[in-house]
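A.B. asks: Here it is, the structure in full.
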Amino acid sequence: MTDASALLAAYDAQLRGENEAVGAVTRFRLGPLWIGVFPEGRGFIGYRDLGGLGPRGIRALVGAAMAFLVADPRVHEVEWKTRGHDAAEGLHEALLDAGFAPEEPESIMIGGAELLALDLPLPEGVTLRRAVDPEDVRRASYAADRVFEGEPREERVADLLERISRGTEVWIAEADGRVVCSGRVEPVPGTDFAGIWGGATDPVWRGRGIYRALTAERAKAALARGVRYINSDSTEFSRPILERSGFVKVSTTTPYEWHRPAVTSA
């Protein structure tokens, strides 16, 4: 078994920085930061490390990054992705002062793809399949929006379809013609990794093994593409499932979100 420190080192080296901005319409470097603007108007800020900057340097970097993004009228929200193992003194305070709000922390889980690629039973009446047709992708996106208590947005559907064109697979579980669980698997070109994202199960259907079975199918798809490791930013619903499969929690991640203030008429 690969230990947590080796997995974390591989994660930092292969998945952070430039690879986090793949698929952006606009992508550029600002010091240690990689900044991307995605088709649905979402800005993203990631980095491998902050180069030993102290609080003053970090505050200046946050200000410079946001000056670029605020000036871009396409951008209506920005995610600054932090990790619990980073040395970033003063970053939390600088982000709050720039108008960001922290979301709930999640666990960074990593393990061998083969650990998840199991043949698992499903509840009676539930079926799994890959969503390829645009209407199925829309149904998957809307179902996830309902689970995460968000408004269905066509921008998210367009983003999913664009990701599929780059190799992402979207998988759904259905019961009585309704999507009850959905998630995607995203192989990262040039790395040993694929990410499993967007795992969303209708609360009524939780606790029946559907998420685990959907994850198994995504792992099989990743293995078929030669992927070695799978990573996931996991909530407290999915973390125990992955741990029971042999995955390791290597760190935490907390996304900070900024939303452009609404324009009000005089």
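A.B. asks: Pick from W197, W171: which is surrounded by fewer than 20 Cβ atoms within 10 Å (Cβ to Cβ) and either assigned to a strand (DSSP E or B) or in contact with a Leu (Cβ under 9 Å, 6 or more places away or on another chain) (or both)?
C.D. replies: Exactly one of W197, W171 is surrounded by fewer than 20 Cβ atoms within 10 Å (Cβ to Cβ) and either assigned to a strand (DSSP E or B) or in contact with a Leu (Cβ under 9 Å, 6 or more places away or on another chain) (or both), namely W197.
A.B. asks: Within the stretch 107-129, can you find the residues that are polar (S, T, N, Q) and within 15 Å of R244 (Cβ to Cβ)?
C.D. replies: Passing the criteria: only S107.
A.B. asks: Just to be sure I understand, how many residues within the stretch 144-157 are of a type in the set (A, V, I, L, M, F, W, C), at pLDDT 80 or above and out of contact with any Asp or Glu (no Cβ under 7 Å at 6 or more places or on another chain)?
C.D. replies: Matching residues across the stretch 144-157 total 2.
A.B. asks: Hey, another quick one. Is there a residue being closer than 25 Å to D136 by Cα and surrounded by 21 or more Cβ atoms within 10 Å (Cβ to Cβ) anywhere in the stretch 238-249? Before you say what the answer is, go through the steps one by one.
C.D. replies: Taking the stretch 238-249 as the starting set, the residues that turn out to be closer than 25 Å to D136 by Cα are 238.
Those left that are additionally surrounded by 21 or more Cβ atoms within 10 Å (Cβ to Cβ): 238.
Yes: one or more hits.
A.B. asks: Does A10 meet the test of being under 23 Å from I230 (Cβ atoms), in contact (Cβ under 8 Å) with a residue 60 or more places away in the chain, assigned by TED's automatic domain parsing to the domain that holds A101 and hydrophobic (A, V, I, L, M, F, W, C)?
C.D. replies: Judged against the criteria, A10 is a match.
A.B. asks: Picking from L30, L53, L69, L15, which residue would you name as being in contact with a Gly (Cβ under 6 Å, 6 or more places away or on another chain) and on the phi < 0 side of the Ramachandran plot?
C.D. replies: L69
A.B. asks: Here's another thing I want to ask about it. I'm trying to understand the selection: among the residues of the stretch 170-212, which are among the charged types (D, E, K, R), farther than 12 Å from L128 by Cβ and touching a helix residue (DSSP H, G or I) at 6+ places or on another chain (Cβ under 6 Å)?
C.D. replies: Within the stretch 170-212, no residue meets the criteria.
A.B. asks: Residues P123, P152: which one is closer than 21 Å to G209 by Cα and part of a loop (DSSP other than H, G, I, E, B)?
C.D. replies: P123
A.B. asks: Determine if the stretch 50-64 includes at least one residue that is over 30 Å from R208 (Cβ atoms) and touching a His at 6+ places or on another chain (Cβ under 9 Å).
C.D. replies: No, the conditions are met nowhere in the stretch 50-64.
A.B. asks: Consider E236 carefully, then state whether it is closer than 23 Å to E79 by Cα, outside the structural domain of G43 (by TED's automatic domain parsing) and either in contact with a Leu (Cβ under 7 Å, 6 or more places away or on another chain) or among the acidic types (D, E) (or both).
C.D. replies: Numbers: closer than 23 Å to E79 by Cα: yes; outside the structural domain of G43 (by TED's automatic domain parsing): yes; either in contact with a Leu (Cβ under 7 Å, 6 or more places away or on another chain) or among the acidic types (D, E) (or both): yes.
When the stated conditions are applied, E236 passes them.
A.B. asks: Would you be able to say whether some residue in the stretch 226-238 is modelled with pLDDT under 95, more than 26 Å from G167 (Cα to Cα) and out of contact with any Pro (no Cβ under 8 Å at 6 or more places or on another chain)?
C.D. replies: Yes - at least one qualifying residue is present in the stretch 226-238.
A.B. asks: When the stretch 226-255 is examined, which residues are found to be in contact (Cβ under 8 Å) with a residue 40 or more places away in the chain, within 20 Å of G190 (Cβ to Cβ) and of a type outside the set (F, W, Y)?
C.D. replies: V227, R228, I230, N231, S232 - these are the residues of the stretch 226-255 that are in contact (Cβ under 8 Å) with a residue 40 or more places away in the chain, within 20 Å of G190 (Cβ to Cβ) and of a type outside the set (F, W, Y).
A.B. asks: In this structure, does L128 turn out to be part of a strand (DSSP E or B) and either crowded, with 18+ Cβ neighbours inside 10 Å or in contact with a strand residue (DSSP E or B) (Cβ under 9 Å, 6 or more places away or on another chain) (or both)?
C.D. replies: yes
A.B. asks: I need a count of the residues in the stretch 131-154 that are closer than 19 Å to E186 by Cα and loosely packed, with under 15 Cβ neighbours inside 10 Å.
C.D. replies: 3
The values are calculated or read from the model by the stated rules, or taken from the named source; none is laboratory data. Treat the numbers as computed from the prediction; the structure is a model and nothing was measured. Neighbour counts are summed over all protein chains in view; Cβ atoms, including those assigned to glycine, are modelled from backbone coordinates with ideal geometry.
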